[in-house]
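Taking it in order: structure first as structure tokens, then the write-up.
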């Protein structure tokens with residue numbers, strides 16, 4: 001999901017690393033900019049809930065909110081992101097957060113790619129006739145692709161870290177004796 005209050009991009013991709021990927025669905029949950037904030041958040045929630053009920057994903061990947069100069073935009077994005085996380089949590093779905101540069105690097109090879117480059121690569125990777133529109137929809141698909149490709153590595157690293165931490169807890173404390 002590419003969170004936003006005006007346009008929240010949603011995309012579902014099926015696949016595993018090293019195999020061709022398939023777009024299952026893509027769209028945008030829209031809210032009117034002049035509507036009351038609470039109504040907009042409810043509309044985003046309803047749209048996301050519908051997508052999750054329809055497509056029943058195994059994971060939810062959400063773009064990590066990053067600092068922008070426009071505080072109002074950051075707040076709206078963060079609020080929509082929180083709504084998406086809550087919708088996933090209600091279903092017990094794992095949530096992964098990916099930074100914009102991480103997604104761009106995964107899909108295009110460059111963390112500084114522009115929207116057109118991301119859209120072109122999403123189109124190519126998913127074997128689509130044309131780029132998904134608007135850019136929020138293409139970004140949501142890029143997030144899904146990034147997660148499919150990067151999650152196995154992240155999961156292995158997290159499991160290794162947790163094993164190391166539990167081993168450290170299980171080991172008896174070392175005491176130094178001064179003689």
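Computed packing ranks the peptides 69-81, 111-123 as 111-123, 69-81, most packed first, by mean other Cβ atoms within 10 Å.
Return a whole-number percent for the relative contact order of segment 32-127, with Cα pairs under 8 Å and 6 or more residues apart as the contact set. Mind showing how you got there, number by number?
Working: 76 pairs, mean separation 24.1, N = 96.
In percent, rounded to a whole number, it is 25.
Computed over the chain, the per-residue total of -39500 (n - 2.57) for DSSP H runs of n ≥ 4 gives a 222 nm mean residue ellipticity of -18000 deg cm²/dmol, rounded to 500. Rounded to the nearest 10 degrees, the inclination of helix 115-125 to the longest alpha-carbon principal axis of the chain is 80 degrees.
Here segment 7-170 carries DSSP beta bridges of which approximately 65% are antiparallel, counting only pairs with both residues inside.
For a paramagnetic label modelled on residue 90 (point 7 Å from Cα along Cα→Cβ), amide N atoms under 17 Å away belong, within segment 21-56, to 29-30, 38-56. Pairs of Cα atoms nearer than 8 Å and 6+ residues apart set the relative contact order; for the chain it is 27 percent.
Apply the a/c threshold of 1.5 to the C-alpha gyration tensor of segment 1-117 and tell me whether it is rounded, prolate or oblate. Could you put the intermediate results ahead of the total?
Numbers: a/c = 1.87, a/b = 1.19, b/c = 1.57.
Taking the square roots of the gyration eigenvalues as a ≥ b ≥ c, segment 1-117 is oblate.
Our estimate of slack between residue 163 and residue 71, defined as 0.36 nm per intervening residue step minus the Cα-Cα distance, is 29.2 nm.
How many nm separate the modelled label positions at residue 82 and residue 24, each set 7 Å beyond the Cα in the direction of the Cβ? It works out to 2.8 nm between the two label points. A simple packing score, the average count of other Cβ atoms within 10 Å per residue, orders the peptides 15-22, 60-67 as 60-67, 15-22, with the highest score first. Between the helical axis of 71-90 and the longest alpha-carbon principal axis of the chain there is an angle of about 70 degrees.
Any read-out appearing in this document is the output of simple, stated calculations on the displayed coordinates, not a laboratory observation. Since the model is a prediction, treat every value here as computed from it, not as a measurement. Note that each Cβ is placed from the backbone with ideal geometry, even for glycine, and that neighbours are counted across all protein chains shown.
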